[in-house]
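This report concerns only the one structure given below.
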Amino acid sequence: YFQFNSKKLTKDSYDLLPAIKAAALERKSDDISIIGHTDRTGEAQYNKLLSLERAKAVYNILVAEGFEKNSMSISYYGEGNPLIPTADNVAEKRNRRVEVVIR
């Protein structure tokens, strides 16, 4: 999860990174998807770009942790795929997220 209108992870989310690394190592994965999202506050085009920036931020953290660049892919949806459906311009912190899928 991310801070409002930011590509900076919340502290609780940053603390989850060791578990992500452990899961990838345990599965010996070379197929990791990083998927960015936003809530529905602000303009849709801005949110699309913000979701990309959030996915890139997680990607860069994982690269710094030793993950192979070629084993990861980035996709992003802006406000288009909410975890918690809301009306437009509703700030929902659980929608400000990046999902990391380890196959």
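Could you give the spread of the C-alpha atoms of the chain along their three principal axes, from largest to smallest, in whole angstroms?
That works out to 40, 24, 20 Å along the principal axes.
Over 14 Å apart: what share of the alpha carbon pairs of segment 4-57 falls there, rounded to a whole percent?
It works out to 62 percent of all Cα pairs.
Quick one: angle between helix 17-27 and the longest Cα principal axis of the chain, in degrees between 0 and 90, rounded to 10, please.
Here the helix axis deviates by roughly 50 degrees.
Express in whole angstrom the spacing between the alpha-carbon centres of segment 3-24 and segment 28-67.
11 Å
Relative to the longest principal axis of the C-alpha atoms of the chain, give the angle of the C-alpha long axis of helix 44-64, reported between 0 and 90° and rounded to the nearest 10°.
Result, in degrees: 20.
Would you mind getting the accessible area per residue of the chain, heavy atoms of the protein chains only, 1.4 Å probe, in Å²?
Normalised by residue count, the accessible surface of the chain is 61 Å².
The values are calculated or read from the model by the stated rules, or taken from the named source; none is laboratory data. Predicted model, so just to flag it, every value in this text is computed and none were measured. Accessible surface is based on the protein model in full, side chains and every heavy atom, while ligands, DNA and RNA are left aside. Shrake-Rupley method; radii C 1.70, N 1.55, O 1.52, S 1.80 Å.
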